[in-house]
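What follows is one structure encoded as structure tokens, with my remarks underneath.
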Amino acid sequence: MILETCGESPTDDILPPNSQALWCRINNLIETEIKTTPEPVKKGWFSRGWNFTFSQVGAAAVGIVLISVLLTIVGLRNYFEPTADDFTSRSTASQTTFEKVLSKVGLVETPQQARERRFREQQVAIDYWTKRVALRRAQWDGRMRDAFDRNLYVIDESVNEYNRLLQSNPEDELSGEMLDAVMTEKMNLLRAFSDL
Amino acid sequence: MIRNIKHRPGIIRVAKATISCVLAVTFIFSFGVRDTFGQRRFSRTYPAGKNVRLVLMNRSGMVTVTGWDRNEISISAYLELPAAQIAPQSLTDKIYINLVKDNQGRDVGSVNFEVRVPYEASVDIETTIGNLNVISVRGGLVRARINSDGDITLTNIGSATVAAENVTGNILFDGLIVDDGNYRFSSMQGRITLRIPFTASFRLVATAPSTRSIDLGTLGGGRMRLLSDGRRIVGQNGDGSAIISVTNQRGSIAFLKR
């Protein structure tokens with residue numbers, strides 16, 4: 001049978017394989033296989049494909065540190081209640097440049113705003129003690145009532161005077177300090193008489 | 001003799017008057033010293049160490065505290081009717097009397113205290129109405145506060161921490177200024193007078209915002225300066241170790257040489 005097959009086609013018609021063509025065909029086949037393989041997707045930050053350079057990352061880190069420091073300073077200053085020696089008696093003239101900048105931006109109160117806030121807080125406390133005193137007043141004798149009214153009048157005169165002075169000159173440090181002192185004195189008077 | 005008395009009606013009248021007086025006096029004293037003329041008396045003595053602290057909060061009335069050389073605290077009180085309740089508490093190194101708390105809501109009369117304490121005792125006294133006096137005390141603290149009307153007189157004081165406050169009334173301090181001491185005087189209306197050695201070392205802040213009346217006498221010389229249109233004087237005497245703060249909102253301040 002092999003002999004019959006060999007005999008059917010003349011051996012002169014059988015061509016040897018072309019190695020060059022064969023290699024080209026194999027090469028094309030391989031390249032085709034590579035192209036069909038999907039390329040892995042490049043994933044950037046936040047899945048949006050952002051890519052940052054080292055300098056950009058460095059600048060961002062410095063910015064974050066600066067903002068954190070500023071916020072910490074502002075937070076600490078607002079957390080600790082200012083004493084009477086702080087904003088209630090201070091004026092704009094005694095603020096540091098840094099404080100002035102923060103005031104303009106609105107991150108901290110100006111001395112005048114702090115003073116007004118403290119005055120409102122004291123007034124709330126005074127209103128509370130005034131109601132307590134009103135409940136006790138009927139139990140006092142005449143001498144006690146007269147003493148209370150007389151001394152309250154003296155204190156209120158001072159409160160009104162300092163408020164007038166501060167309206168005409170908000171930068172008056174001494175009047176701010178004295179207003180705080182007389183408001184405290186008023187609270188002490190009300191508190192003492194509310195215990196009787 | 002009997003015949004002589006019968007014939008002397010003047011003698012009989014005198015005898016009757018004498019007997020009536022004796023009976024009247026006996027009647028008055030039969031109620032005891034404690035209830036004389038609408039007053040009651042309270043008296044108690046406590047043993048105390050040299051550094052004992054007296055805390056006394058009166059409601060209405062005068063309090064006088066005087067130092068002495070005994071290791072005990074003697075409390076005498078004269079109570080106007082209706083009598084207040086007095087309940088002193090003897091704690092460790094502290095005698096505590098609070099008439100405000102013990103008589104809250106009750107209508108009671110004034111109570112005037114006379115207290116004797118060791119020289120080195122600390123004194124912390126307060127009253128709503130009335131005068132406060134502290135004499136010859138040199139313990140760590142002397143604090144006297146009147147919540148309304150009353151004068152404060154601190155005489156011969158050698159304490160390092162002194163605070164005297166009232167609303168309306170005068171304040172007189174006569175005593176030493178101890179190195180590193182802290183002295184605070186405050187009033188709304190009245191006169192504050194400080195009689196101190198002008199050789200003492202202290203920093204001074206004196207404020208009289210309404211009257212601008214601050215009389216330093218011969219104190220300070222050129223080391224004192226006026227601030228805020230003369231409403232405040234600040235300065236230093238000596239090396240400035242102690243601190244003196246004087247504020248009189250609507251009154252005057254004066255310094256006298258001791």
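The values are calculated or read from the model by the stated rules, or taken from the named source; none is laboratory data. Just so you know, these numbers come straight off a predicted model, no measurement behind them. Neighbour counts are summed over all protein chains in view; Cβ atoms, including those assigned to glycine, are modelled from backbone coordinates with ideal geometry. Note: areas computed on protein heavy atoms with side chains; ligands, DNA, RNA excluded. Shrake-Rupley method; radii C 1.70, N 1.55, O 1.52, S 1.80 Å.
Values as computed for the structure displayed
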| read-out | value |
| --- | --- |
| Check on B:R138, of a type in the set (D, E, K, R) and farther than 17 Å from B:A242 by Cβ | no |
| Qualifying positions in the stretch B:208-234 - acidic (D, E) and within 29 Å of the chain's Cα centre (by Cα) | B:D215 |
| Residue count, the stretch A:144-173 (criterion: in contact (Cβ under 8 Å) with a residue 40 or more places away in the chain, open to solvent by 50 Å² or more (accessible area, probe 1.4 Å) and in a loop (DSSP other than H, G, I, E, B)) | 1 |
| Inter-residue pairs, beta-carbon under 6 Å, first facing another protein chain (nearest Cβ under 7 Å) and more than 9 Å from B:P82 (Cα to Cα) and in the stretch B:98-110, second surrounded by 18 or more Cβ atoms within 10 Å (Cβ to Cβ) and of a type in the set (G, A, S), 6+ apart | none |
| Test for B:D174: is it within 25 Å of B:K257 (Cα to Cα), in contact with a Ser or Thr (Cβ under 7 Å, 6 or more places away or on another chain), open to solvent by 10 Å² or more (accessible area, probe 1.4 Å) and part of a strand (DSSP E or B) | yes |
| Residue within the stretch B:196-207 that is among the basic types (K, R) and within 24 Å of the chain's Cα centre (by Cα) present | no |
| Filtered residues of the stretch A:152-196 (kept if more than 8 Å from chain B (Cβ to nearest Cβ), of a type in the set (D, E, K, R) and over 20 Å from A:T110 (Cα atoms)) | A:D156, A:K186, A:R191 |
| First in the stretch B:161-178 and touching a residue at least 40 places away in the same chain (Cβ under 8 Å), second anywhere and charged (D, E, K, R), Cβ under 6 Å, 6 or more apart | B:D174/B:R195 |
| Members of the stretch B:152-171 that are within 14 Å of chain A (Cβ to nearest Cβ) and open to solvent by 10 Å² or more (accessible area, probe 1.4 Å) | B:A163, B:E165, B:T168, B:G169 |
| Residue in the stretch A:128-143 that is part of a helix (DSSP H, G or I), of a type in the set (A, V, I, L, M, F, W, C) and within 10 Å of another protein chain (Cβ to nearest Cβ) present | no |
| Residue match in the stretch A:28-37 (condition: at pLDDT below 90, in contact with a helix residue (DSSP H, G or I) (Cβ under 8 Å, 6 or more places away or on another chain) and surrounded by 10 or more Cβ atoms within 10 Å (Cβ to Cβ)) | no |
| Residue within the stretch B:231-241 that is assigned to a loop (DSSP other than H, G, I, E, B), in contact with a Pro (Cβ under 6 Å, 6 or more places away or on another chain) and either of a type in the set (S, T, N, Q) or within 11 Å of chain A (Cβ to nearest Cβ) (or both) present | yes |
| Hits in the stretch B:199-214 - residues which are part of a loop (DSSP other than H, G, I, E, B) and either within 17 Å of A:M178 (Cα to Cα) or open to solvent by less than 30 Å² (accessible area, probe 1.4 Å) (or both) | B:A200, B:S201, B:A208, B:P209, B:S210, B:T211, B:R212, B:S213 |
| Among the candidates B:V137, B:V123, residue that is open to solvent by less than 10 Å² (accessible area, probe 1.4 Å) and outside any strand (DSSP E or B) | B:V137 |
| Residues satisfying the stated conditions in the stretch A:136-160, i.e. out of contact with any Pro (no Cβ under 9 Å at 6 or more places or on another chain) and within 14 Å of A:M183 (Cβ to Cβ) | A:L152, A:V154, A:I155, A:D156, A:E157, A:V159, A:N160 |
| The stretch A:98-127: number of residues that are open to solvent by 40 Å² or more (accessible area, probe 1.4 Å) and in a helix (DSSP H, G or I) | 16 |
